[in-house]
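The values are calculated or read from the model by the stated rules, or taken from the named source; none is laboratory data. Since this is a predicted model, take the numbers as computed values, not measurements. Cβ sites come from the backbone with ideal geometry, for glycine too, and all protein chains shown count toward neighbours. When the accessible area is computed, the model is the full protein with side chains, heavy atoms only, and any ligands, DNA or RNA have been set aside. Shrake-Rupley method; radii C 1.70, N 1.55, O 1.52, S 1.80 Å.
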Amino acid sequence: MIRLTQVEKRYPGAAAGELALRKVSLQIDEGELVAIVGTSGSGKTTLLNLIGGLDRDYRGTVEVAGHNLAALNDRKMADFRNRHVGFVFQHFSLLDHLTALENVALPAAFLRGPAPISEDPVARARATLEEMGLGSKLGENPNNLSGGQKQRVAIARALLFRPKLLLCDEPTGSLDSTTGAQIIEQFQALNREGYTVVIITHENRVSEAARRIIRIEDGRIVDDGRGGAQ
Amino acid sequence: MTAGSLARLIGQNVGRSKKNFLMSGIGIVVGISTFVFFIGLSEGIKQVVLGRIFLVDQVEVVPKRFDAGAGGLLGLGGGRPLDATVAEELKALPGVVDVYPKMKFTFPTRGRGGGSLFGRDVYAELVADGIEPRLVADELEHPGAFTDREVDTACQDDKACPDGQTCGAAGQCEKQACDYDWDTRLTACPGESYCAEDTKRCELPIPVLVSNHLLELYNGSLATAFGGSGGQKMPRLSKSMVMGFQLWAEFNKSYIDRSRGKGSITRRLKLVGFSDKAISVGVTLPLAYVRRLNQRYQGAEAAATYHSVILKVSDQTQVPAIVKAVKDQGFDLADKTENAERAADIIKTVESVFALVSFIIVGIAAINISQMFFMLIAQRRREIGLLRALGASKLDVRALILGEAGLIGLLGGIAGVAAGVGFARLADYVANQLPEFPYKPDTFFTFPAWLWLAAIGGAMLFCLLGAFFPANAAARQHPAAALTQ
Ligand SMILES: Nc1ncnc2c1ncn2[C@@H]1O[C@H](COP(=O)(O)OP(=O)(O)O)[C@@H](O)[C@H]1O
Ligand SMILES: [Mg+2]
């Protein structure tokens, strides 16, 4: 599903030796639930951005879902993100001027070519929100939703086109522990459905839920092993 | 991104930043309404000045006037006379569709009449010229009335002949003889014919045209000035009131000059129509009458020489080239044509100045819009990053920003056009409260279709230009960087 080979990332403006990622090689297979842990500033987000096709400025190769990302132009890269990756961020990243339903259906606005799902995107958005217990909040503005509800709307959006890969950057970072736990359960359930899930976290209870924990320090993978759960 | 989803996103974004867009849109509305108002005014005035006062779709050629030039010093006298040969040459010029010679009276004439209109007869020196009836055939209400009535008419019986004529032995209408008497000269002959002193026969009135200007000038100045005052009342006249009006003309007679031999004859003139091609102040006859009268009083040369030749031009853009060719051939332009050229130049200059002013206003508005967009995309930094994460390409982001700008331009342009037209209506309303003056039009504004297009298209163009750099900056923004706070 994901293969990184000798990946190096240096942010523009950083000093010559100051790398955000240093010779990172990594393989994640389809169906895995992986936690990436590490202290703040260790390079977790940088790694996730490369995998998700949000950053094309790196050395080495990044292959995701059969695409060598360096070979894609801007439009194809946008297509790749649109169809193959579902993002979930710490700060929910919902558009406040749209309803919950409109937020979930938003990726459909950028679809080019044949749809990756057979049903109508808005119908799919509605069904997903209902599955997540938000059936009564379809027309609600994100402002009127609780943190947990917002994050479930964001997850529903990530699932719109049933991407193979969910990339989550500190998805519980802004939630209280009970709500956070529910969200983690949600990811576990999605993983059981077949989604490959990569979660960045620095919370132990989150990483404990994962089957595999990758630890990063100072831009390097220092540990890659099985976690506690299952 | 499909056009539909793009339009929806644009609509949502504009709706969300209403206040910002409204503020920036005001500049566009002000600039575009200025543009529409002043260009509409210039176009309207152009129509009055060039379409009614001067006629720019025709070029009037006159013989060269030597003023202190070398020719004058050498005693060469006037330039080439305008005759039938020259008229043919001018007709051959590229862009000239037709030529219409004009001939003036080469002898004085005095007129008398108007009792029915003014309450008492008016006496005046009469200025007259002649044109070919076909020149005005398509603009007269009764084109058949403006024609040479002295031509032979074949007939079988008297019914086929005009008033005062009978069918003669040769199968031609012949004028009846009559007993001339000053008191009964109008009633001695049947119908509209009258008894002429010189021929002692029943003559038909000579059809004449007057210019629309004449009536305008009269109503706008004389009638207005004297209309209300006690002693000398001058009524306002409408076309229908004066149509068919007749007056006496005494050829080769003058109130100011002594007549010069060859005697004078008196004929009746009958007003049969109005035309801008008629002489400005005076009457215009069918050319044949003028030719015969000039022949009678001044001889063959006068009867063969035109005073001017009007060139009908296939389209206005040809005028400058034709003007040049005419001058190269040794002729001049009538003052009217020269003035029209000058007036057109002045209007064009004024129009350009107003266009420039409007463009400066819209340009400033565009800079303002540019700044607003830079501010907006800074505010929406994370949001744009999110859209990229969800599948928006650089092009999508650019299209989104430019689309918002285009929408402001479209709405601002429409509002600007509406405001400009509104101000124009207001100005017309105010002008209508002013007293009459010559050539006062019902509206001072003309809004041709290209003006709508230019106004709305220009508004959109300037907004797009204003948003161009912000849109670039938004598209270049790094999607990952936008998501990190
Ligand atoms: N956009 C950026 N420009 C420059 N440096 C950056 C940028 N984003 C992250 N960095 C640097 O790269 C390193 C890794 O950052 P990041 O991947 O965000 O860490 P984490 O997500 O683990 O907290 C840090 O030293 C950080 O300062
Ligand atoms: Mg991070």
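Roughly how far apart, in whole Å, are the Cα centres of the range B:348-419 and the range A:20-61?
So the separation of the two Cα centres works out to 39 Å.
Can you pull the percent of the range B:288-341's accessible area that's carbon plus sulfur, 1.4 Å probe, other chains left in place? Kindly include the intermediate steps, with their values, before the conclusion.
Values: 1220 of 2500 Å².
Answer for the range B:288-341: carbon and sulfur cover 49 percent of the accessible area.
Tell me which residues come under 5 Å, amide H to amide H, from residue B:132 once H is placed; ignore anything under 5 positions away on its chain.
B:287
How large is ³J(HN,Hα) for each residue in the range B:130-144, as worked out from phi by the Karplus curve 6.51 cos²θ - 1.76 cosθ + 1.60 (θ = phi - 60°), to whole Hz, x for Gly and Pro?
x, 10, 6, x, 5, 5, 10, 3, 7, 10, 8, 5, 10, x, x
Tell me, what HN-Hα J-couplings in whole Hz come from the Karplus equation 6.51 cos²θ - 1.76 cosθ + 1.60 at θ = phi - 60° for each residue of the range A:213-225, using x for Gly and Pro?
Rounded to whole hertz, the list is 10, 10, 9, 10, 9, 6, x, 10, 7, 9, 7, 9, x.
Please pull out the direction-averaged projected area of the range B:100-307, using the convex hull of its alpha-carbon atoms, in nm² to one decimal place. Could you put the intermediate results ahead of the total?
On the way: hull surface 52.2 nm².
That works out to 13.0 nm², a quarter of the Cα hull's surface.
Can you give the extra length, in nm with one decimal, that the chain gains between residue B:172 and residue B:280 once fully stretched, where that is 0.36 nm per residue apart less the Cα-Cα distance? Don't skip to the end; give the middle numbers.
Working: separation 108, 0.36 × 108 = 38.88 nm, distance 3.72 nm.
Net length gain for the segment: 35.2 nm.
Using Cα pairs under 8 angstrom and six or more residues apart, how large is the relative contact order of chain A, in percent? Mind dumping the intermediate values first?
Numbers: 440 pairs, mean separation 66.6, N = 230.
RCO, chain A: 29 percent.
Nearest 500 deg cm²/dmol is fine: what mean residue ellipticity at 222 nm does chain B get from its DSSP H runs of n ≥ 4 alone, each adding -39,500 (n - 2.57), divided by its residue count? The partial results should precede the final answer.
Working: 16 runs with 226 residues, N = 485.
My calculation for chain B gives -15000 deg cm²/dmol from helical runs alone.
With N denoting the number of residues in chain A, provide Rg(C-alpha) divided by 2.2 N^0.38 Å, to two decimal places. Could the numbers behind the result be given before it?
Numbers: Rg = 17.3 Å, N = 230, 2.2 N^0.38 = 17.4 Å.
Dividing the Cα radius of gyration by 2.2 N^0.38 Å gives 1.00.
Between residue B:352 and residue A:118, what is the spin-label point distance in nm, taking each point 7 Å from the Cα along the Cα→C-beta axis?
Each label point lies 7 Å from its Cα, and together they span 6.9 nm.
What accessible area per residue comes out for the range A:15-106, rounded to a whole number of Å², with a 1.4 Å probe?
On the way: 3420 Å² over 92 residues.
Computed with neighbouring chains in place, this is 37 Å² per residue.
How much of the accessible area of the range A:2-223, in percent, comes from carbon and sulfur atoms when a 1.4 Å probe is used? Don't skip to the answer; put the middle values down first.
Values: 3970 of 9040 Å².
Of all accessible area on the range A:2-223, carbon and sulfur atoms account for 44 percent.
Counting only C-alpha contacts under 8 Å and six or more residues apart, can you give the relative contact order of the range B:100-307 as a whole percent? It would help to have the intermediate numbers written out before the result.
On the way: 424 pairs, mean separation 63.6, N = 208.
For the range B:100-307, the relative contact order is 31 percent.
Pop out a list of residues from the range A:86-107 that are at least 50 Å² less accessible with all the protein chains around than in their chain alone; 1.4 Å probe, no ligands or nucleic acids counted.
A:95, A:97
Roughly how many debye, to the nearest 20, is the charge dipole of chain A about its Cα centre, given +1 on each Lys and Arg Cβ, -1 on each Asp and Glu Cβ, and no other charges? Write down the numbers at each step before the final one.
Numbers: 28 positive and 28 negative charges, 101 e Å.
The dipole magnitude comes to about 480 debye.
Averaged over all directions, how much area does the convex hull of the C-alpha atoms of the range B:83-176 cover when projected, in nm²?
Working: hull surface 41.4 nm².
For the range B:83-176, the mean projected area of the Cα convex hull comes to 10.4 nm².
Kindly report, to the nearest 10 Å², the accessible surface of residue B:182 as traced by a 1.4 Å probe over protein heavy atoms only.
Surface accessible to solvent at residue B:182 totals approximately 140 Å².
Taking only protein heavy atoms into account and a 1.4 Å probe, give the accessible area per residue of chain B in Å². Present the calculation step by step, with values, prior to reporting the outcome.
Values: 23480 Å² over 485 residues.
Per-residue value: 48 Å².
What is the spin-label model distance, in nm, from residue A:74 to residue B:414 if the labels are put 7 Å beyond Cα along the C-beta direction?
In this crude label model, residue A:74 to residue B:414 measures out at 3.1 nm.
Check which residues have an amide H placed less than 5 Å from residue A:220's amide H, if you skip close sequence neighbours.
Under 5 Å from the amide H of residue A:220 lie the amide H atoms of A:22, each far enough along the sequence or on another chain.
Between residue B:112 and residue B:437, what is the spin-label point distance in nm, taking each point 7 Å from the Cα along the Cα→C-beta axis?
Distance between the two pseudo-spin positions: 3.8 nm.
Per DSSP H run of at least 4 residues, take -39500 (n - 2.57); add these up for chain A, divide by its residues and hand me the 222 nm value, nearest 500 deg cm²/dmol. Spell out each step's value before the answer.
Numbers: 7 runs with 71 residues, N = 230.
Calculated mean residue ellipticity at 222 nm is -9000 deg cm²/dmol.
Taking the Cα atoms of the range B:375-431 alone, what are Rg (to one decimal) and Dmax (as a whole number) in Å?
Reported Rg and Dmax, both Å: 18.9, 61.
Can you tell me the Rg and Dmax of the range B:402-458, counting just the alpha carbons, in angstroms?
For the range B:402-458, the Cα-based Rg and Dmax read 15.2, 50 Å.
Once the Cα atoms of helix A:177-193 and of chain A are each reduced to a long axis, what angle between those two axes, in degrees from 0 to 90 to the nearest 10, is obtained?
Approximately 80 degrees, to the nearest ten.
What's the buried accessible area, both sides, between B and A using a 1.4 Å probe, rounded to 100 Å²?
Values: alone 24540 and 10660 Å², together 33110 Å².
Heavy-atom accessible area buried at this interface is about 2100 Å².
Of the cross-linked pairs A:44/A:76; B:239/B:324; A:76/B:19; A:9/A:150, which ones have a Cα-Cα span greater than 29 Å in the structure shown? Numbers along the way, then the final one.
Working: A:44/A:76 25 Å; B:239/B:324 38 Å; A:76/B:19 36 Å; A:9/A:150 32 Å.
Long pairs (Cα-Cα over 29 Å): B:239/B:324; A:76/B:19; A:9/A:150.
Provide the FRET efficiency to the nearest 0.05 for the residue B:327-residue B:163 pair, computing r from the beta carbons and using R0 = 35 Å. Walk me through the numbers on the way to the answer.
Values: r = 48 Å, r/R0 = 1.37.
FRET efficiency, residue B:327 to residue B:163: 0.15.
Report, to two decimal places, the Cα Rg of the protein assembly as shown normalised by 2.2 N^0.38 Å (N = number of residues). Let's see the in-between values first.
Values: Rg = 44.6 Å, N = 715, 2.2 N^0.38 = 26.7 Å.
Scaled against compact globular proteins, the figure is 1.67.
Straight distance only, please: which aspartates and glutamates reach the Cα of residue B:46 with their own Cα at less than 17 Å, same-chain residues fewer than 8 apart left out?
Partners found: B:57, B:276, B:315, B:338, B:341, B:345, B:351, B:428, B:442.
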